[in-house]
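First the structure, in the form of structure tokens, and then the observations on it.
The values are calculated or read from the model by the stated rules, or taken from the named source; none is laboratory data. This one's a predicted model, so the numbers in the text were calculated from it and none came from an experiment. Counting neighbours? That spans all protein chains shown, and the Cβs are built from the backbone with ideal geometry, glycine included. Protein only, heavy atoms only, side chains kept; ligands, DNA and RNA dropped before computing areas. Shrake-Rupley method; radii C 1.70, N 1.55, O 1.52, S 1.80 Å.
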Amino acid sequence: MNLKIKNFSKIEGCVKAPSSKSYSHRSVIIASLSEGISKLYDVLYSEDVISSINACKSLGAIITKKDDGSEEYLEVIGTGGNLHNNSSEPIDLANSGTTLRIMTSVASLSDNEVIFTGDDSLKTRPMGPLIEALDTLGIKIDSTEGKAPLTIYPGFNGGSVGILGNMSSQFISSILISAPLSKEGVDLEVFPEFVSKPYVDMTLSVMDKFGVNVESVEYTKHTDCNEDFPTCFGEKFNVSTKKYIATDYTVEGDYSSASYLLATVAIAGGEITVQNLFKDSKQGDKLIINILKDMGCTIISNDDSVTIISDGNLKAVPEINLSNAPDLLLTVAVLAAVAEGETKITGIAHARLKETDRIATTAEELKKLGCVLEELEDSLIIQGKTISGGIVKSHKDHRLAMAFSLLGLKEDVEVEDGECFDVSFPNFIEAMADIGVELELN
């Protein structure tokens, strides 16, 4: 189905940000590994998070939606780390790369083998660095050239391992989450550069809420540095064996999903307040606030909400580094396309490993609309105010669908396969309507 803006009036109102997909994944998985019963509030029931819920249920957790009369929550009766695969059939993770990467380590805690598969897109996601690291820790995995389907065999010994930090922070989060339940614990070294570190900080925060504290130390030199990395920057994590303890946990709002609401005001002009966005959040995508300020918007950040005011006349920012906020790429690219001047978006090489090669697909679809840009390995250079109307493809990437639909605020733009926003923002159409934008799927 095609997604487009049908109509919009004055952009105004107050809307609640959708719950964080990243925190939802992590809280569901860690609660499933815990001893006892957890109550998880404000979980995002998106397609990706449902994949994590189903995977945890397949490995023995009992997960049920409940209502205490005043508030809905997700009850998770944890396994205490004693996992058992309830079926000999492969567990289908659909399109959720987060589920695949985090659960690959977790599955080794099962007392029998686990097979993970997914859709065609998921089967293209590179898993090699994680598989190699887990092999060092005693976990045997059969794969198809380092990609799903994966067969994970029982046994997580632990020990010491190093992993490159410039591929995916989810590889690191995967090892950290399962490490406390290994036989020996894990000493994990991340080098030579650490992209998307805020996502690992989020992982550590949720682990801490469930009773597991991880020690870490940063360093600036590594003894194995070679000529390619004469000076290395990295971090060492020491994870001792310990049980997770069930707790009640509330998932905070998601800055990456809220970026589409904020960008709507920035592009069209108006004023809205987005609730459930916390000033002290560890989310790297909180960077969108500074980006919008630099583009000329007025931002008021409260403890648990953000208000944005814009006249719709955006100015380009010469350079925006997204190394710690890769999920903002699509939003920032669209903002740059309607801003006055040239914007260079850098630090995005790892965005090529997402649902799609997001650098390539962003460039491809913007060019269809006449946008003048240059695609480099690690960056995009976008000339603002060079777009016109047209039809673009989502490539079944939820972030591309939502971001490109916003161009309909300036031009007649339609997004093919636009319904895929369900992956991370199930009520996207309703939330946009709350602030004065009518979207349609046809």
Using a 1.4 Å probe on the protein chains only, how many percent of the accessible area of the chain belongs to carbon and sulfur? 45 percent
Out-of-range pairs (alpha-carbon distance over 23 Å; input Lys344/Lys396; Lys123/Lys236; Lys16/Lys286; Lys209/Lys293; Lys282/Lys344): Lys344/Lys396; Lys123/Lys236; Lys209/Lys293; Lys282/Lys344
Relative contact order as a percentage, the chain, C-alpha pairs under 8 Å and 6+ apart, gives 19 percent
Pop out the ³J(HN,Hα) list for the range 111-118 in order, Karplus 6.51 cos²θ - 1.76 cosθ + 1.60 with θ = phi - 60°, rounded to Hz; leave Gly and Pro as x. 8, 8, 5, 10, 10, 10, 9, x
What is the local net charge at Val317, summed over the other residues whose Cβ is closer than 15 Å to its Cβ (Lys, Arg +1; Asp, Glu -1)? 0
In debye to the nearest 20, how big a dipole does the chain give about its Cα centre with +1 on each Lys and Arg Cβ and -1 on each Asp and Glu Cβ? 240 debye
Build a GNM of the chain with springs between Cα atoms under 10 Å: which of Ser70, Ser173, Ser52 gets the top mean-square fluctuation? Ser70
Can you give the calculated 222 nm mean residue ellipticity of the chain, where each DSSP H run of n ≥ 4 adds -39,500 (n - 2.57) and the sum is split over every residue, rounded to the nearest 500 deg cm²/dmol? -8500 deg cm²/dmol
To the nearest whole percent, what portion of all C-alpha pairs in the chain is separated by more than 31 angstrom? 40 percent
Cut-off under 19 Å on the C-alpha distance; same-chain residues fewer than 8 positions from Lys66 excluded. Which lysines are left, in chain and number order? Lys39, Lys57
Normalised radius of gyration for the range 367-442, please: alpha carbon Rg relative to 2.2 N^0.38 Å, two decimal places. 1.16
Computed over the range 350-395, the convex hull of the Cα set has an average projected area, in nm², of 3.1 nm²
Average accessible area per residue (Å²) across the range 13-155 - probe 1.4 Å, nucleic acids and ligands excluded: 37 Å²
Accessible-area value, Lys315, 1.4 Å probe, nucleic acids and ligands omitted, Å²: 110 Å²
